[in-house]
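The structure appears below as structure tokens.
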Amino acid sequence: MPDLTYLKANKADRFDLKPGQPTMKAVVTTGNGGYDKLDYRDVPMPLAGPGELVLKVLAAGVNNTEINTRLGWYSSSVTGSTDQFAAEDGGNSQPADGGWNESTPFPFIQGTDCCGEVVDQADDIETSWTGARVLVRACMRLHGFESLENIWMASDFDGAFAQYVKVPVSEVFKVDCDWSNVELGTIPCAYGTAENMVHRAGVGAGDHVLVTGASGGVGSAVVQLAKRRGARVIAVAGKSKIDALAGLGVDRIVERGADLIAELGESSVDVVVDNVAGPGFEPLLKLLRRGGRYASSGAIAGPMVSMDMRDFYLKDILLIGCTAWDEPVFPNLVGYIERGEIVPLVAKTFALEDIVSAQQEFLKKAHFGNFVLVPRQ
């Protein structure tokens with residue numbers, strides 16, 4: 001696998017237009033702050049460098065991470081929930097640790113999810129990709145899969161909230177299926193994150209798996225991916241989402257806010273997949289059986305939690321942090337799609353230029369499934 005360190009070398013003047021230069025429309029995020037930081041405008045067309053493809057973006061999903069990155073929520077100075085921070089429109093300062101890995105490379109183009117069509121490729125790529133419909137693996141290992149060092153499209157370098165995007169050929173996967181472009185646009189971030197968690201937690205047939213935030217993009221993906229592995233799934237979700245979750249075949253649904261210990265009993269589950277955290281974290285380790293596994297890749301209810309260390313060490317619990325995607329994750333997803341083992345969950349589509357409306361509606365959390373942006377062709 002090639003060294004991808006060069007992707008971090010974003011030049012701030014790369015969006016400056018020169019006379020006669022081919023252009024495209026894109027949403028440029030100009031800094032930390034509110035919706036005024038999302039600037040839909042003309043920028044130069046990307047050109048394929050060595051080992052790169054240029055894709056026409058067919059669909060780009062909307063995720064929490066784009067909002068959190070714009071707001072600077074990943075900074076250690078932030079202790080509240082994502083919703084709370086978003087309601088405050090974030091800070092107008094630019095925290096050095098506000099991005100996933102290092103300082104966020106403003107100005108840049110966000111958009112973690114990409115379904116695209118290959119329209120150009122570098123001369124050093126021997127296989128022809130032109131015309132292929134593809135998905136992009138958004139989480140890229142900088143130095144190969146032997147190292148956990150990673151870089152994310154749309155958090156560390158330009159992403160898919162544009163008419164075109166360029167990406168390393170090593171991170172592009174052809175998909176042969178009858179799904180629509182919009183349906184494929186729901187997959188990379190949410191399902192990649194979900195598959196990484198169930199993979200690392202070793203979810204298998206017969207496991208009892210508790211999924212918090214089960215109606216969200218990642219949570220609903222975890223439900224599907226755990227079920228396809230033969231697990232028994234208990235979902236925690238708001239009352240308005242219960243019917244929709246039931247359609248995914250969950251074995252039991254517990255309403256958000258309920259006393260989980262009273263509902264399920266201590267030491268009742270093998271795996272907890274939790275992207276909620278916050279005040280609801282404390283009972284989760286008590287729910288795990290001895291030798292249980294807790295996996296997380298987020299903390300939408302807040303990053304600060306209270307934990308009884310005795311629950312952790314006396315029960316030999318394994319805590320699994322999940323950011324860098326393991327090598328099998330994305331090929332697995334492509335296989336599931338092509339074999340019809342998972343289904344897409346599209347809540348609503350928006351034109352790319354309507355990104356503010358999409359993010360505003362996204363934050364209401366009244367939807368089930370994923371929002372997808374579609375650039376003008």
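Of note:
- Residue count for segment 180-215 under the criterion of being touching a helix residue (DSSP H, G or I) at 6+ places or on another chain (Cβ under 7 Å), closer than 20 Å to TRP325 by Cα and not hydroxyl-bearing (Ser, Thr, Tyr): the result is 12.
- Test: residue in segment 204-215 that is of a type outside the set (S, T, N, Q), buried (at least 16 other Cβ atoms within 10 Å of the Cβ), modelled with pLDDT of 95 or more and in contact with a Pro (Cβ under 9 Å, 6 or more places away or on another chain): no
- Considering segment 4-15, and only residues there that are touching a residue at least 12 places away in the same chain (Cβ under 8 Å) and part of a loop (DSSP other than H, G, I, E, B), the residue that is farthest from VAL169 (Cα to Cα) turns out to be ASN10.
- Scanning segment 255-284 for residues that are touching a strand residue (DSSP E or B) at 6+ places or on another chain (Cβ under 8 Å) and either outside the structural domain of THR212 (by TED's automatic domain parsing) or over 23 Å from GLY302 (Cα atoms) (or both) turns up GLU263, LEU264, SER267, SER268, VAL269, ASP270.
- Sole exception among (1) under 15 Å from the mean Cα position of the chain (by Cα); (2) more than 21 Å from VAL118 (Cβ to Cβ) for VAL203, by number: (1)
- Residue count for segment 327-377, restricted to those that are of a type in the set (A, V, I, L, M, F, W, C), modelled with pLDDT of 95 or more and not in a helix (DSSP H, G or I): 11
The values are calculated or read from the model by the stated rules, or taken from the named source; none is laboratory data. In this text the structure is predicted, and so the values were computed from the model without any measurement. Backbone-built Cβ (ideal geometry, glycine too); neighbour counts: all protein chains shown.
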